[in-house]
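Right, one structure below, let's go through it.
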Amino acid sequence: MKKLSRKQWIIIAVVILIGGAILRSATNQGPSIPKDKTTLVQNEAPVATIGFDKPLDLGGGVTVTVSSPTRFTPSQFMTNYDQKAKTANFFTVTIKNGGKGALDFSTVSLEAASGSNVCFDLLGDQDINGAPTDPLKAGAEASYKYGVGCQAAAGDPLNLIVRIGGSNVAVEGKLA
């Protein structure tokens, strides 16, 4: 039997690696699609659409108000600072709990959009920290600042969806 040269061994190894990669990609079809295609998160229609600075009673004694946006300059310590927002705004969200039980802030969230422009959260500095983590006791009120950065100019639309428990509130206005 004839000995193979180093060059021939390298060619054989390359052919085996390429063949193995082709065989693996042909047989690896990834995870199968689940039979149940139900959406886990359902976007509910807002219970109401309001403007900034207009309180809305959500029922059960819970009221929400979102102040008019104020333009600010994000610091380097804020989340998403590296995305270089064209316009950064903050607003104050005030929630009054006139209900009988505590309001769990883990059920409170906010989503921002500006037409077809991208918006993202700006939190973590300048007292712009988002929602508290402790439950809001019955009869109490909490206010907190929330910041968003948008790849949009001042005067472009600012649309927020505030989710509190099972209620979605749309807030519409313009970027400051």
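Filtering segment 132-150 to residues that are within 17 Å of F90 (Cβ to Cβ) and either among the acidic types (D, E) or surrounded by fewer than 19 Cβ atoms within 10 Å (Cβ to Cβ) (or both) leaves P132, A142, S143, Y144, K145. The residue of segment 59-71 that is nearest to D156 (Cα to Cα), among those that are part of a loop (DSSP other than H, G, I, E, B) and modelled with pLDDT of 95 or more, is P69.
Could you tell me how many of the residues in segment 123-166 are basic (K, R) and in a strand (DSSP E or B)?
So in segment 123-166, the residues basic (K, R) come out as 137, 145, 163.
Now narrow it down to the ones that are in a strand (DSSP E or B): 145, 163.
Matching residues across segment 123-166 total 2.
The single condition among (1) over 15 Å from the mean Cα position of the chain (by Cα); (2) at pLDDT below 90; (3) of a type outside the set (D, E) that Q83 does not meet is (1).
Selection of segment 124-140 for residues being touching a Lys or Arg at 6+ places or on another chain (Cβ under 9 Å) and over 15 Å from V64 (Cα atoms) yields Q126, D127, I128, N129.
Being in contact with a strand residue (DSSP E or B) (Cβ under 8 Å, 6 or more places away or on another chain), over 24 Å from P55 (Cβ atoms) and acidic (D, E) is not true of D125. Looking across segment 88-102 at every residue that is assigned to a strand (DSSP E or B) and over 17 Å from the mean Cα position of the chain (by Cα), the one that is surrounded by the fewest Cβ atoms within 10 Å (Cβ to Cβ) is identified as T94.
The values are calculated or read from the model by the stated rules, or taken from the named source; none is laboratory data. Nothing here was measured: the structure is a model prediction, and the numbers come from that model. Because the Cβ atoms are built from the backbone with ideal geometry, glycine has one as well, and the counts that use them run over all protein chains shown.
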